[in-house]
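Heads up: the structure comes next, in structure tokens.
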Amino acid sequence: MENVVMQEEFRVTYQNKRVFLTGHTGFKGSWMLCWLNSLGAIVKGYALQAPKEGLYTDINGDALCQSVIADIRDQKRVKDEILAFQPDFIFHLAAQPLVRCSYEIPAETFEVNALGTVYVLDAVQHLQKPCTVIMITTDKVYENKEWHYPYRENDRLGGYDPYSASKATAELVISSYRSSFFNLDKYHEHQKVIVSARAGNVIGGGDWSQDRIIPDIVRALQHGLSIPVRNPHAIRPWQHVLEPISGYLLLGAKATLEPLSYSGAWNFGPQLEDCLNVQTLVETAISIWGTGDYTVITGIDQPHEAGLLKLDISKTINELGWKPKYNSHKAIQMTLDWFKHSSENRETISEFTESQISEYMQL
């Protein structure tokens with residue numbers, strides 16, 4: 001019964017509503033675009049050009065939205081596009097999302113992730129209508145002491161690497177705008193609710209990013225190569241991409257109805273027993289694929305990446321009513337099923353993507 005209620009809640013919330021989606025050409029953004037389209041939303045996307053190899057191309061994303069190809073660092077363009085569209089909802093996913101890449105382009109990472117957040121929220125100030133704004137950050141916003149204690153939404157923010165620090169900065173920006181310009185005490189005046197969602201280590205079909213473990217696994221398996229593994233003992237809260245997206249959509253629905261209850265920050269991740277290390281993830285993927293092996297990369301001077309990270313999702317479970325539907329094995333299975341289907345039946349991958357969304361919603 002719960003799944004039926006959620007499906008109906010989503011459709012009632014988003015059907016014929018105007019949704020401004022940044023980062024719509026990216027991995028998570030493309031999955032969200034596909035889902036919003038199935039709900040009957042009117043979507044305007046704002047992002048950089050889609051990569052030639054990626055989910056946006058596979059689902060023919062241009063047919064699912066009004067697509068604006070522009071840089072999130074272009075403050076005037078961001079403002080102009082938001083005000084011209086007059087959205088009911090904004091989902092801000094545009095980001096420089098890679099830890100290792102952030103060491104190569106630290107200044108750009110801060111500009112995109114921190115100033116991009118500023119520019120979206122600054123535009124919302126000029127929007128003369130009610131709007132629910134969901135700002136997507138990451139599980140890496142916490143000052144990570146690499147202990148087994150899972151991080152809660154009120155824990156200290158921080159960031160060792162430029163990516164994590166830029167996203168923690170984005171959270172401070174969100175908090176500042178929420179307090180300064182969209183204070184809940186004056187909600188009846190501005191009618192804006194600002195929410196941040198923290199999720200990371202997302203896996204799923206259509207992700208071909210460099211320096212991510214699932215794309216590395218799939219490329220190696222497809223070509224009969226050994227999978228390169230950089231940090232075999234690093235523990236992460238892996239989750240299928242549909243898990244946090246369902247959370248973002250649920251936040252949008254709940255916050256619109258009860259803005260005073262759902263403003264603030266929310267963690268989205270797996271149950272603690274599903275926080276696997278990289279080696280276990282790789283071995284599970286090989287088992288599901290049916291063939292393959294891996295090689296641990298040693299002796300290379302690599303940039304620092306956290307060895308242990310867990311999220312506490314008890315607030316999200318108890319107050320939002322969201323919980324993960326997939327365990328780690330199912331998340332990996334769904335991901336590899338997508339890539340296998342893409343290899344064997346690429347012409348129907350858009351339909352297969354939609355079927356995975358439908359399957360998820362039936363659980």
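The values are calculated or read from the model by the stated rules, or taken from the named source; none is laboratory data. Just so you know, these numbers come straight off a predicted model, no measurement behind them. Methodologically, a virtual Cβ is constructed for each residue, glycine included, from the backbone with ideal geometry; neighbour enumeration extends over all protein chains shown.
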* Structure fact -> In the stretch 233-256, anything outside any helix (DSSP H, G or I) and either buried (at least 23 other Cβ atoms within 10 Å of the Cβ) or out of contact with any helix residue (DSSP H, G or I) (no Cβ under 7 Å at 6 or more places or on another chain) (or both) is listed as Ile235, Arg236, Pro237, Trp238, Gln239, His240, Val241
* Those residues that are surrounded by 15 or more Cβ atoms within 10 Å (Cβ to Cβ), among the hydroxyl-bearing types (Ser, Thr, Tyr) and modelled with pLDDT under 95, I need them from the stretch 320-356; list them, please. => Ser328, Ser342
* Asked: Tell me, which helices (runs of 4 or more DSSP H) wholly within the stretch 94-202 include 3 or more residues that are touching a Pro at 6+ places or on another chain (Cβ under 6 Å) and closer than 22 Å to Leu257 by Cβ?
  -> none
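Condition check: closer than 30 Å to Tyr103 by Cβ and loosely packed, with under 15 Cβ neighbours inside 10 Å. Does Thr284 satisfy that? Working first, answer last.
Details: closer than 30 Å to Tyr103 by Cβ: yes; loosely packed, with under 15 Cβ neighbours inside 10 Å: no.
It is false that Thr284 is closer than 30 Å to Tyr103 by Cβ and loosely packed, with under 15 Cβ neighbours inside 10 Å.
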* **Residue that is out of contact with any helix residue (DSSP H, G or I) (no Cβ under 8 Å at 6 or more places or on another chain) and either in a helix (DSSP H, G or I) or at pLDDT below 95 (or both), where the choices are Asn16, Asn37** => Asn37
* Among the residues of the stretch 235-253, which ones are aliphatic (A, V, I, L, M) and in contact with a strand residue (DSSP E or B) (Cβ under 6 Å, 6 or more places away or on another chain)? -> Ile235, Val241, Leu251
* Asked: Does the stretch 56-79 include one or more residues that are surrounded by 24 or more Cβ atoms within 10 Å (Cβ to Cβ), part of a helix (DSSP H, G or I) and β-branched (Val, Ile, Thr)?
  -> yes
* List pairs: first in the stretch 77-103 and touching a residue at least 24 places away in the same chain (Cβ under 8 Å) and farther than 28 Å from Ala253 by Cβ, second among the polar types (S, T, N, Q) and in a loop (DSSP other than H, G, I, E, B), Cβ under 7 Å, 6+ apart or cross-chain? -> Leu98/Ser209; Ser102/Gln96
